[in-house]
Amino acid sequence: MTPTRVGFLLISLCLIACWQVLNIPESAIQMAVGPALAPASIVGLLLCLAFLYTLSAWRGRQVDEASEPSQAALPGAAYRMLALLSGGVVFMGTVSFAGFVLPATLCGMLIARSFNATLGLRSFLICSCISTGFWFLFNPMLGVGIGPATPFGF
Amino acid sequence: MEALDALMGGFASALTPTTLLWGFVGCLVGTMVGVLPGLGPALTIALLLPLTYHVPATSMFVMFAGIYYGAAYGGSTTSILLNTPGETASVITSLEGNKMARQGRAGQALATAAIGSFVAGTIGTLALTLVAPFVVEIALAFGPAEYFSLMVLSLVAVSAVLGKSLLRGLIALGLGLLIGMVGIDLQTGQMRFTFGQPELLDGIEITVAAVGLFAVGEALYLSWQGRSTKPEALMKLSGSLWLSAGDWARSWKAWLRGAFLGFPIGAMPAGGAELPTLLSYYTEKKLTKYPQEFGKGAIEGVAGPEAANNASAAGVLMPLLTLGIPTSATAAVMLSAFEGYGIQTGPQLFTNNAALVWTLIASLYIGNVILLILNLPLVGLWVKLLKIPPPWLYAGIIIVSIIGVYGAGNSIFNVALLFVFGLLGYLMRRFDFPAAPVLLGLILSPMAEQSMRQALTISQGQWSTFVTRPISAGLLAVSVLLLVAPAVLRAVRR
């Protein structure tokens, strides 16, 4: 990813938003300002800014932390980010039938993996302690409904 | 006098055991999030928003205030001992604080930071108590046109001041405004930007956006870098926690100057804590009798900025409570909490929910005392927190983030959205876009649209109403100045 690509991404987002603005139906209620005015103004403004950003990035005037040696990513960046995002996917895919603790543990293990911790028993034990601890704190103690801890209903 | 009577009532309420306990928990959690990297008060309060369904409003806001003040206190510990500020407002503290720690004076640096935070926090709260009723009286004269212009000013100021580039700040603001438009338009019932998804009809929750941008975004950025795999090297907690007579003599004026810089700047739109801490540092550098010590560990360079940081926290609460306008990411999340309780912020808050407001203000005084007691004796405990290895720290942060989002309605869609905002946060961090304008835009865009519509209804569709009313015109003129002035100044300098 480069600043120019970020610029194109922003322009694409604006074009999708334009399509959505065109899909806003006119209101039957008589009023000074309809439902599409504010969204259209914002999208118009953002589109102009996105063009300016893309132009500026194309001229090499926008920054990317990756270009600074002290901030640049070490090898394996894509793999690490994928591990972290997989944690979220695993949680979403399993929480509806496996209770809270196991999906959160698996998610935690993958997040720890993205910070170079090895996937193993130690990681499983630490992450299950974290997720069980937070489940106890939030569900029974503070009353935040995050579902049962296990698939067996408790 | 009326304000003092109301404040006494607030103290009576804040000193009840239950409220005091929530305040204590808030201070404890706040200090912890201030110390830990990757967490901040906005994110923590956003994570705790699901609790608003179970806890009375007064207790909740007392806890939130404790978190807000506590984070301002806690940020100094990492700046001094680790040279890694826990939050942006503590960056200046690390300049001199870490040098003091390297000279074996970490204890004195932590002590002047803690006592200075107490002194300035108390002065800031006192100023809030005395000034807020006057601002409320002025705000009562505001109509929808003035409110719209004030919101425009707040949004423009945040985007223009935060970050290194006006263009990137405005793009972040535009994204926030766009995200704030998602959902059903409350006046006409039309769907906007929902892509036919029923989950988006109620709009995007601020918890999802704040937690995604700050927590998941930060974790993604750090995992992309791949450098945060071990705890960073900590300085030893050296030196006495007691200040010598010389240290007191050099610190007290810096505390007072920091407080008097921090509160008014914090109360301005986009004033925040970064600007007053920087100003305080340069003021102390100019006024000190020991200029040769600056850059090598001058105690005034810790005392002043830390005081300014805490006084600005009280300043930020003023526009939120009196005008209903958030001027920082934390204030935006707190405004969302007020909305969650169905409480209308702004001048009416002082009449309709006077007990809540004055309990909140009283709890700030009490919170300052709690934090002074917590910070110094427990500094060893805070240091231990910094030794948690990043893999387990971030696993814990993301699990709590998921709980905060999933707990609000057991929505898997919102968890997916959390990671989408995480990716946005990562891109914004990597390409240097400020995140706060996104949150302010998200929360203020529906409010600004509503004020604009009300103003146009009153003026029978005349757009000139925004420039013919003097206060509104003045606020819009300042907004334009903020946008144009930097470019004009640059051109003049050339």
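The values are calculated or read from the model by the stated rules, or taken from the named source; none is laboratory data. Keep in mind that this is a model prediction, so the values were computed, not measured. Cβ: placed from backbone, ideal geometry, glycine included. Neighbour counts: every protein chain shown. The area values use the complete protein model at the heavy-atom level, side chains included, leaving out ligands, DNA and RNA. Shrake-Rupley method; radii C 1.70, N 1.55, O 1.52, S 1.80 Å.
Among A:35-47, B:168-180, sorting by the average number of other beta carbon atoms lying within 10 angstrom of each residue, highest first, gives B:168-180, A:35-47. Kirkwood analysis of the stretch A:1-40, using all unique Cα-Cα pairs, places the hydrodynamic radius at 11.9 Å. Here the alpha carbons of the stretch B:309-397 define both size measures, Rg and Dmax, at 16.9, 49 Å. Between A:Arg59 and A:Ile11, residue separation times 0.36 nm minus the direct Cα-Cα distance comes to 15.6 nm.
Using equal-weight Cα scatterers in the Debye expression, the normalised intensity of the stretch B:256-349 in log10 at q = 0.14, 0.19, 0.20 Å⁻¹ is -0.54, -0.78, -0.83. Taking the stretch A:4-92, how much of its Cα-Cα pair set, in percent, is spaced more than 18 angstrom apart? Value for the stretch A:4-92 (Cα pairs over 18 Å): 66 percent. When all alpha carbon pairs of the stretch B:1-95 are counted in 5 Å bins from zero, the resulting P(r) reads 3, 15, 20, 18, 15, 12, 10, 6, 1, 0 %. Whole-Hz Karplus values for the stretch B:171-183 come out as 5, 4, 4, x, 4, x, 4, 5, 5, x, 7, 5, x Hz, taken residue by residue from phi with 6.51 cos²θ - 1.76 cosθ + 1.60 and θ = phi - 60°; glycine and proline positions read x. In summary, the convex hull built on the alpha carbon positions of chain B has an orientation-averaged projected area of 24.0 nm². Please give every one of the aspartates and glutamates within straight-line cross-link reach of B:Lys285, meaning a C-alpha to C-alpha distance under 13 Å, and leave out same-chain neighbours fewer than 8 residues apart. Reachable aspartates and glutamates: B:Glu96, B:Glu293, B:Glu300. Here the label points at B:Lys289 and B:Ile388, each 7 Å from Cα along the C-beta direction, are separated by 4.4 nm in the simple model.
Distance check, please: which entries in B:Lys99/B:Lys384; B:Lys164/B:Lys384; B:Lys296/B:Lys387; B:Lys164/B:Lys289; B:Lys286/B:Lys384 exceed 30 angstrom between their Cα atoms? Don't skip to the answer; put the middle values down first.
On the way: B:Lys99/B:Lys384 21 Å; B:Lys164/B:Lys384 34 Å; B:Lys296/B:Lys387 26 Å; B:Lys164/B:Lys289 33 Å; B:Lys286/B:Lys384 36 Å.
Result: B:Lys164/B:Lys384; B:Lys164/B:Lys289; B:Lys286/B:Lys384 exceed 30 Å.
Which whole-angstrom value gives the distance between the alpha carbon centres of the stretch A:14-29 and the stretch B:435-490? The two parts, judged by their Cα centres, are 23 Å apart. Listed values for the stretch B:365-373 are Karplus-derived 3J(HN,Hα) couplings in whole Hz (6.51 cos²θ - 1.76 cosθ + 1.60, θ = phi - 60°), namely 4, 5, x, 4, 5, 4, 5, 5, 5, and x replaces Gly and Pro. For chain B, the longest principal axis of the Cα atoms and the long axis of helix B:144-161 meet at an angle of about 40 degrees. Relative to the longest principal axis of the Cα atoms of chain B, the long axis of helix B:57-82 lies at roughly 40 degrees.
Quick one: in the stretch B:28-181, what % of C-alpha pairs are over 22 Å apart? Show your work: numbers first, answer last.
Details: 7107 of 11781 pairs.
Counting pairs separated by more than 22 Å, the tail of P(r) holds 60 percent.
The calculated 222 nm mean residue ellipticity attributable to helices in chain A amounts to -21000 deg cm²/dmol, summing -39500 (n - 2.57) over DSSP H runs of n ≥ 4 and dividing by all residues. Amide H contacts under 5 Å for B:Gln190: B:Asp185, restricted to partners 5 or more places along the chain or on a different chain, H placed in the peptide plane at 1.01 Å from N.
The trypsin sites (Lys or Arg not before Pro) of the stretch A:1-80 that DSSP puts in a loop, and whose beta carbon has at most 13 other beta carbons within 10 Å, are A:Arg59, A:Arg61. Think of it as helices only: each DSSP H run of n ≥ 4 in chain B is worth -39500 (n - 2.57), and spread over all residues that comes to -23500 deg cm²/dmol at 222 nm.
Dimensions of the stretch B:99-219 from C-alpha coordinates, computed as largest minus smallest value along each principal axis and given longest first, are 62, 44, 28 Å. Per residue, the accessible area of chain B comes to 37 Å², computed with a 1.4 Å probe over protein heavy atoms only. Determine the sum of side-chain charges near B:Ala172: Lys and Arg each +1, Asp and Glu each -1, restricted to other residues whose C-beta is under 15 angstrom from that of B:Ala172. Here the charged neighbours net out to +3. Nearest 10 degrees, 0 to 90: what angle lies between the long axis of helix B:2-14 and the longest principal axis of chain B (Cα atoms)? Around 70 degrees separate the two axes. Per-residue 3J(HN,Hα) values for the stretch B:113-129, derived from phi via the Karplus relation 6.51 cos²θ - 1.76 cosθ + 1.60 with θ = phi - 60°, read 5, 5, 5, x, 5, 5, 4, 5, x, 5, 4, x, 5, 4, 4, 4, 4 Hz in sequence order (x marks Gly and Pro).
Entry note: the stretch B:361-494 has Rg to Rh equal to 1.12, where both radii use alpha-carbon atoms and Rh is the Kirkwood radius. Expressed as a whole percent, the accessible surface of the protein assembly as shown that belongs to carbon and sulfur atoms is 68, based on a 1.4 Å probe.
Based on the reciprocal of the average 1/r between different C-alpha atoms, the Kirkwood radius for chain A equals 19.9 Å. What fraction of the Cα pairs in the stretch B:421-469, stated in percent, has a spacing above 11 angstrom? Taking all Cα-Cα pairs of the stretch B:421-469, the fraction more than 11 Å apart is 73 percent. Placing B:Val131, B:Val158 in order of accessible area, with the largest value first and a 1.4 Å probe, yields B:Val131, B:Val158.
Both radii were evaluated on the Cα set of the protein assembly as shown; the Rg over Rh quotient, with Rh as the Kirkwood radius, amounts to 0.95.
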